[in-house]
Each structure stands twice: as structure tokens, then as C-alpha cells.
1. Whose amide H sits under 5 Å from the amide H of L58, counting only residues 5 or more places off or on another chain, with H placed in the peptide plane?
2. Of [x] -0.51, -1.41; [y] -0.40, -1.35; [z] -0.67, -1.41, which one was derived for log10 I(q)/I(0) by the Debye sum over Cα atoms at q = 0.11, 0.19 Å⁻¹ from the structure shown?
3. Just need the relative contact order of segment 45-188 here, percent rounded to a whole number, with Cα pairs under 8 Å and 6+ apart.
4. Which distance in nm do the two modelled labels at I88 and E4 give, with both placed 7 Å along the Cα-to-Cβ direction?
5. May I ask you to compute the full-extension gain from E162 to L116, defined as 0.36 nm times their residue separation minus their alpha-carbon distance, rounded to one decimal in nm?
6. Enumerate the helices in the chain for which the Kyte-Doolittle hydropathy averages 0.0 or more and the C-alpha atoms extend at least 18 Å along the helix's axis, using complete DSSP H runs.
7. Picking from E84, E140, E166, which is most flexible by a Gaussian network model of the chain using Cα springs under 10 Å?
8. At 1.4 Å probe size, what's the solvent-accessible area of R182? Round to the nearest 10 Å².
Amino acid sequence: NVIEKIRSTGTVLISCVNGLSINRIEEKYSQIKIIRLLPNINWQISQGVSLFDHNKLLTKDDLAEFTKILEPITMLSKVSEEGEFDTIGTLLTCSPALVAETVSQIWKSFEVKSELHKNLLYNALLGSLSYLIQSKKVPEVVVSEVANKGGLTDVGVSAIKEFLPESLKLIRERLDLKVQQRKSGFYP
């Protein structure tokens, strides 16, 4: 009944399910306007990043209304191919939780307990990301600006280079597996 109402009124169905393509939705529900949207929760503070695509039934007016509503709260990026939803889309939607857990692990590893120290760390991380964005420098350049050979920062950077790639590889493999499960219709 809901799909029939969407179809008969020309309403747009917006799907936020990662791993569920527009083509797959169209196979089940034909002749409806569809937007596929992958937002991250940062829209709650008007700093979101969202990938989107739409089927051919969407009109220019539909798209204009969609962007008018979302552009104030999220950076919209239209994908050029389905695979982008699986690669960068997964990373974007998971990033708030991945970053939060990374910060939590930093707190534990460095025994950061006071609220003041936690806030200092938040601001240092925020400032570091802002510097990367605003300076438009690649991370390697920023590392070279900050890390003196054999110094504390260099020791930390070396440890990250040695151990983080394997952890990130494991994270990527597990995320890719979950996306593939969803594509095959497995939704635990």
C-alpha cells in the first residue's frame, strides 16, 4: 500500500540502506522515483557528508527540492558509479563511529581521564583536521612539518606506519564483507 501511494502521488522514495542499489529497488518496485542517499550523522550539526544518486524518473524539480532541503546540513556529492557507494560511501557513513572509537582507544592507551584533557584532545584533533583541509597539504607534508627525525612525533608516526595498516586492512575487509552480505539479501 505504501509503495502504491508513492507511485500514484509521484512521491520520491529515499533509501538510506547501504548495499541496496537503485536497480535492486527498481526490480521490486517499478515506476517509482528513487533517491539513494548515504548520509553520516554529522548532518545533526550541519556538517554532514552525503552521497546520493537517483533513477531516471526523478525530475529536475524533485532534485531541486531534495538539494534545497539537504544542502544546509550536509555536503551532497552525486556518485558517478554504483561502486562508490560501496567504497567511499561505507567509509563516510561509518566515519563518525570509527573516529569516536579511535578517540576512545587513544584515551585508554594514554590514560586520558579528565574532561579537560579529553577536550584538549578533541580540539587538537579538530585543529589538525582543519589544518589539513584549509592548508590543502597532503598528510605527508604535514608530518614532515611536525616530526623531527628521531623525535617524539617521529616515533609515534613510525609506530602508526608499522602497525595501523594491518588494522585498517582488517576493518576494510570486514566492512566489504558486510556490504556484500547486504547485496546478496542477507540482513542480520
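The values are calculated or read from the model by the stated rules, or taken from the named source; none is laboratory data. Source: prediction; values computed, not measured. Backbone-built Cβ (ideal geometry, glycine too); neighbour counts: all protein chains shown. Ligands, DNA and RNA are excluded from the accessible area calculation, which covers all protein heavy atoms including side chains. Shrake-Rupley method; radii C 1.70, N 1.55, O 1.52, S 1.80 Å.
1. Result for L58 returns I34.
2. [z]
3. So the answer I get is 17 percent.
4. Spacing of the two 7 Å Cα→Cβ label points: 4.1 nm.
5. 13.5 nm
6. Span-like helices in the chain: 90-109, 115-135.
7. Its mean-square fluctuation being the largest, the pick is E140.
8. 80
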